[in-house]
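Colleague: Before I ask anything, let me first share the structure, which is written out below as structure tokens.
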């Protein structure tokens, strides 16, 4: 009986994991191509780095908004569709504009919609967790899908740049972003309304929770960590091509090393987190990074 339930749960989460993989394939691949595209349009390094800053800043502001709306309306699938379709529509504008400043504006618009996918997908993942599966394990599946998408996206960019120009390669990723909308229509919302109400009560007093459990330190550490990583990655492709002399296509393959390691590590740490402790793993991960 348990095997049947486990099989049903796997099928239930599959459309969400496929959507997450396709979303990260297109978004992470496009992020790499945008560095090359901005330089082709004559943008200085400062403007190239601003693409990452604008996307990160906009996402930080909009992610809580999307999460709050999906919680209050209790229509996660609807908001997931809106986020995915809005991302596909706005990312298509990269093919229309050919000015660095317009590219920056489009990047902000893309981030407005794409920032809704992660918080809603994470909420659905936690709702999929039952008595037999911890929330950490479910989230590890989602994180692995994200890393898999990052891997496919960078390998795809490396392959496309062998045969096509930067802008021509962007056409493929735009088409893939539209394709990522389809699996969202098959996402199933959890019927565990009691779990949803419990989680909502937990977040009603966020400030108290952060202060009581010291969770603020994890958020602060994660912010500083991501600040450094994003700063480096915002110009990494330009550095590798212009300073070291690596071909653009090779940059895609080199950058794929990171998600190759990430994908199995998400699954591994998701399995041992309940045994080792989330605090120890979080601190170890930040320190190793």
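The values are calculated or read from the model by the stated rules, or taken from the named source; none is laboratory data. Everything quoted here is computed from the prediction, not taken from an experiment. Reconstructed Cβ throughout: ideal geometry from the backbone, glycine too, with neighbour counts over all protein chains shown.
Colleague: Residue 246 passes all but one of (1) surrounded by 12 or more Cβ atoms within 10 Å (Cβ to Cβ); (2) part of a helix (DSSP H, G or I); (3) at pLDDT 70 or above; which number fails?
Modeller: With respect to (1) surrounded by 12 or more Cβ atoms within 10 Å (Cβ to Cβ); (2) part of a helix (DSSP H, G or I); (3) at pLDDT 70 or above, residue 246 is out only on (2).
Colleague: Assess whether residue 103 counts as being over 15 Å from the mean Cα position of the chain (by Cα), modelled with pLDDT of 90 or more and closer than 23 Å to residue 188 by Cβ.
Modeller: Numbers: over 15 Å from the mean Cα position of the chain (by Cα): yes; modelled with pLDDT of 90 or more: yes; closer than 23 Å to residue 188 by Cβ: no.
Considered against the rule, which asks whether it is over 15 Å from the mean Cα position of the chain (by Cα), modelled with pLDDT of 90 or more and closer than 23 Å to residue 188 by Cβ, residue 103 comes out as no.
Colleague: Taking the range 64-81 on its own, how many of its residues are assigned to a helix (DSSP H, G or I) and surrounded by fewer than 19 Cβ atoms within 10 Å (Cβ to Cβ)?
Modeller: Step one: of the range 64-81, the residues assigned to a helix (DSSP H, G or I) are 64-73, 76-81.
Then drop every residue that is not surrounded by fewer than 19 Cβ atoms within 10 Å (Cβ to Cβ), which leaves 64-65, 68-69, 71-73, 77-78, 81.
Number of matching residues: 10.
Colleague: Of the residues in the range 107-142, how many are over 18 Å from residue 31 (Cβ atoms) and either part of a helix (DSSP H, G or I) or at pLDDT 80 or above (or both)? Give the steps one after another, and end with the answer.
Modeller: Let us first name the residues in the range 107-142 that are over 18 Å from residue 31 (Cβ atoms), namely 119-142.
From what's left, either part of a helix (DSSP H, G or I) or at pLDDT 80 or above (or both): 119-128, 135-142.
The total comes to 18.
Colleague: Assess whether residue 195 counts as being surrounded by 14 or more Cβ atoms within 10 Å (Cβ to Cβ) and either at pLDDT 95 or above or outside any helix (DSSP H, G or I) (or both). Walk me through how you get there before you give the answer.
Modeller: Numbers: surrounded by 14 or more Cβ atoms within 10 Å (Cβ to Cβ): yes; either at pLDDT 95 or above or outside any helix (DSSP H, G or I) (or both): no.
Against the criterion (surrounded by 14 or more Cβ atoms within 10 Å (Cβ to Cβ) and either at pLDDT 95 or above or outside any helix (DSSP H, G or I) (or both)), residue 195 does not qualify.
Colleague: Can you find, within the range 143-166, the residue that is surrounded by the most Cβ atoms within 10 Å (Cβ to Cβ) among those that are out of contact with any helix residue (DSSP H, G or I) (no Cβ under 7 Å at 6 or more places or on another chain) and part of a helix (DSSP H, G or I)?
Modeller: First, pick out the residues of the range 143-166 that are out of contact with any helix residue (DSSP H, G or I) (no Cβ under 7 Å at 6 or more places or on another chain): 159, 163-165.
From what's left, part of a helix (DSSP H, G or I): 159, 163.
Working: 159: 15, 163: 9.
Result: 159.
Colleague: What is the number of the single condition among (1) closer than 22 Å to residue 31 by Cβ; (2) over 16 Å from the mean Cα position of the chain (by Cα) that residue 77 does not meet?
Modeller: Going through (1) closer than 22 Å to residue 31 by Cβ; (2) over 16 Å from the mean Cα position of the chain (by Cα) one by one, residue 77 breaks only (1).
Colleague: So, one more: Please determine, by comparing only the residues of the range 219-243 that are modelled with pLDDT of 75 or more and surrounded by 12 or more Cβ atoms within 10 Å (Cβ to Cβ), which one is farthest from residue 281 (Cα to Cα). Give the derivation first.
Modeller: Kept after step one, since they are modelled with pLDDT of 75 or more, are these residues of the range 219-243: 235-243.
Add one more test, that the residue is surrounded by 12 or more Cβ atoms within 10 Å (Cβ to Cβ), and what stays is 235-242.
Details: 235: 29, 236: 28, 237: 30, 238: 33, 239: 32, 240: 32, 241: 35, 242: 37 Å.
By that ranking, first place goes to 242.
Colleague: Working only within the range 35-61, note down all residues that are surrounded by fewer than 19 Cβ atoms within 10 Å (Cβ to Cβ), in contact with a helix residue (DSSP H, G or I) (Cβ under 6 Å, 6 or more places away or on another chain) and not in a helix (DSSP H, G or I).
Modeller: Scanning the range 35-61 gives a single hit, 41.
Colleague: So residue 57 ticks every box in (1) free of Cβ contacts under 8 Å to residues at least 60 places away in the same chain; (2) over 16 Å from the mean Cα position of the chain (by Cα); (3) within 22 Å of residue 237 (Cα to Cα) but one. Which box is left unticked?
Modeller: (2)
Colleague: Given the residues 125, 115, 99, which is the only one that is within 26 Å of residue 36 (Cα to Cα) and buried (at least 17 other Cβ atoms within 10 Å of the Cβ)? Walk me through how you get there before you give the answer.
Modeller: Details: 125 fails: within 26 Å of residue 36 (Cα to Cα); 99 fails: buried (at least 17 other Cβ atoms within 10 Å of the Cβ).
115 is the lone residue from the list that is within 26 Å of residue 36 (Cα to Cα) and buried (at least 17 other Cβ atoms within 10 Å of the Cβ).
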